[in-house]
Amino acid sequence: MNWQIEAIRRDFPILSHRINKERLAYLDNAATMQQPRPVTATVDRYYRYDHANVHRGVYTLSERATEAYEGVREKVRHFIHAHSADEIVFTRSTTESLNMVARGFGDQVVNAGDEIVISVAEHHSNLVPWQQLAERRGAKLKYIELNPDGSLDLENAAQQITAKTKIVAVAHVGNVIGVLNPMSALEALTHAVGAYLIVDGAQAISHLKVDVQALNADFYAFSGHKMGAPTGIGVLYGKAALLEQMAPVQYGGEMISQVTRTATTYKRAPLKFEAGTPNISGAIGLGAAVDYLDALGMNAIQTYEAQLMGPMLARIVAIDGVTVYGPQTAADRLGVVSFNIDGVHPHDVATGLDMLGVEVRAGHHCAQPLMQDLNVTATARASLAFYNNQADVDQLIDGIKQVKEFFLHES
Ligand SMILES: Cc1ncc(COP(=O)(O)O)c(C=O)c1O
């Protein structure tokens with residue numbers, strides 16, 4: 001495989017910086033990814049040469065900005081293989097996308113006595129909005145349990161999803177255990193009972209080729225900053241007919257068709273969901289990130305990351321006194337490895353690794369119900385991107401061993 005890792009790394013200037021006088025091994029990509037030069041350069045160029053408000057002016061700058069902004073909708077459509085660019089709503093983030101669906105669509109289709117089904121491994125962004133919806137509508141929130149190895153229990157899913165189910169909301173890839181969920185089986189179970197499938201794609205979008213039509217997802221949400229774009233821009237994909245049906249959750253300028261003293265009509269989707277001045281530069285940066293990922297190729301990214309993940313996971317699993325959560329092999333695992341050093345608090349693990357230049361996350365990863373199931377309050381988590389290399393993995397493994405030695409030697 002012709003993967004030009006050193007050339008790719010040069011596109012990310014931050015990777016050559018030193019942290020605490022050590023070589024930087026950035027392994028918190030699940031929280032946010034670094035941005036390549038073409039993204040920062042595109043945003044910079046936009047502000048220097050093309051900045052104006054969109055959809056408003058008939059003058060040249062506004063037309064240029066509008067063209068660039070709307071052009072990204074088409075890039076994103078192509079990137080996730082949506083049917084139409086009108087199915088791409090720009091939001092602030094995955095969190096905002098999922099809240100919009102829960103409010104604007106969930107409130108319409110969920111009634112008292114109905115059921116909403118999610119998995120116990122969901123990020124709070126794909127949990128709390130459904131908990132709130134269930135409370136508002138008098139519905140029941142049910143959880144799909146996990147197998148002992150941390151993968152989703154499909155037999156349990158088949159029991160939880162019933163004729164009463166209106167919505168099934170699951171992550172494409174989990175942010176703690178990193179398991180790629182069995183989407184086609186979940187899709188079949190969901191649509192067999194006439195429910196809607198809502199997919200949280202935050203941890204999938206930078207790791208594999210997402211095809212919303214192949215998934216047959218009714219809605220699919222993701223964040224730009226987890227794929228090399230700026231923060232503050234996200235996407236909600238929805239099937240055209242469902243977006244037409246869905247109500248806006250924010251009202252104001254840009255989203256209206258006509259306003260009188262007593263009533264308002266709205267534009268069609270996606271504009272009816274984008275009230276006010278949008279994050280224009282963020283969207284334009286997202287377009288540059290999509291171009292960057294497209295040029296590398298999502299299948300090539302997945303193949304390269306799998307080559308890093310397999311040995312990385314095996315080497316962490318092999319360290320005495322380290323517990324790895326989720327499957328112990330890399331099949332169907334993408335991006336993340338959560339672990340604990342027995343007897344050392346994960347915050348101490350992350351702080352110790354930071355002293356060695358290794359940046360990992362520690363905490364509950366916004367997945368407290370899963371932590372409760374795993375019987376821990378927190379874990380350390382190392383997460384990969386396509387710009388990580390073997391030296392990053394070596395530094396992590398060496399770092400875990402040193403931290404373990406330091407803390408257990410002390411106690
Ligand atoms: C699976 C998953 N869903 C949702 C989110 C929320 O993303 P954001 O904070 O960009 O809205 C995250 C972020 O870590 C995530 O990992």
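We did not get these values from a lab; they are worked out from the coordinates using the rules stated. In this text the structure is predicted, and so the values were computed from the model without any measurement. Here the Cβ positions follow ideal geometry from the backbone for every residue, glycine too, while neighbour counts run over all protein chains shown.
Laid out as a table, the results:
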| quantity | calculated |
| --- | --- |
| Two-site label geometry, residue 303 and residue 247: point separation in nm, points 7 Å out along Cα→Cβ | 4.9 |
| Backbone HN-Hα couplings from phi across segment 348-357 [Karplus 6.51/-1.76/1.60, Hz, Gly and Pro as x] | 5, 4, 5, 5, x, 5, 4, 4, 9, x |
| The chain: calculated mean residue ellipticity at 222 nm from DSSP helix runs of at least 4, using -39500 (n - 2.57) | -11500 deg cm²/dmol |
| Global form of segment 258-411, assessed from the alpha-carbon gyration tensor, a/c cut-off 1.5 | prolate |
| Counting DSSP beta bridges with both ends in segment 40-295, the antiparallel % (nearest 5) | 45 |
| C-alpha long axis of helix 183-192 to longest principal axis of the chain, angle in ° | 40 |
| Euclidean distance of C-alpha centroids, segment 284-300 and segment 173-224, integer Å | 20 |
| Degrees, to the nearest 10: 60-80 long Cα axis against longest axis of the chain | 60 |
| Sequence ranges 198-208, 380-390, ranked by mean other-Cβ count within 10 angstrom, highest first | 198-208, 380-390 |
| Packing rank of 271-281, 119-129, where each peptide gets the mean count of other beta carbons within 10 Å, highest leading | 119-129, 271-281 |
| Long-range HN-HN contacts of residue 165 with modeled amide H, under 5 Å | 115 |
| Coil-residue trypsin sites (Lys or Arg not before Pro) of segment 48-85, DSSP, other Cβ within 10 Å capped at 16 | 56 |
| By average C-beta atoms within 10 angstrom, highest first, the peptides 295-303, 397-405 | 397-405, 295-303 |
| Rg(Cα)/(2.2 N^0.38 Å) for segment 203-333, N = residue count | 1.45 |
| The chain, dipole about Cα centre (Lys/Arg Cβ +1, Asp/Glu Cβ -1), debye to the nearest 20 | 1060 |
| Nearest-ten-degree value, helix 128-137 long axis tilted from longest Cα axis of the chain | 40 |
| Solution diffusion estimate, µm²/s, Stokes-Einstein, segment 103-235, Kirkwood Rh from C-alpha pairs, 10 °C, viscosity 1.306 mPa s | 106 |
| Estimated dipole of segment 318-411 in Debye, rounded to 20 [Cβ of Lys and Arg +1, of Asp and Glu -1, Cα centre] | 220 |
| Kirkwood Rh, angstrom, the chain [1 / mean 1/r, Cα pairs] | 22.2 |
| Exposure proxy order (Cβ contacts within 10 Å, fewest to most) of 257, 62, 93 | 257, 62, 93 |
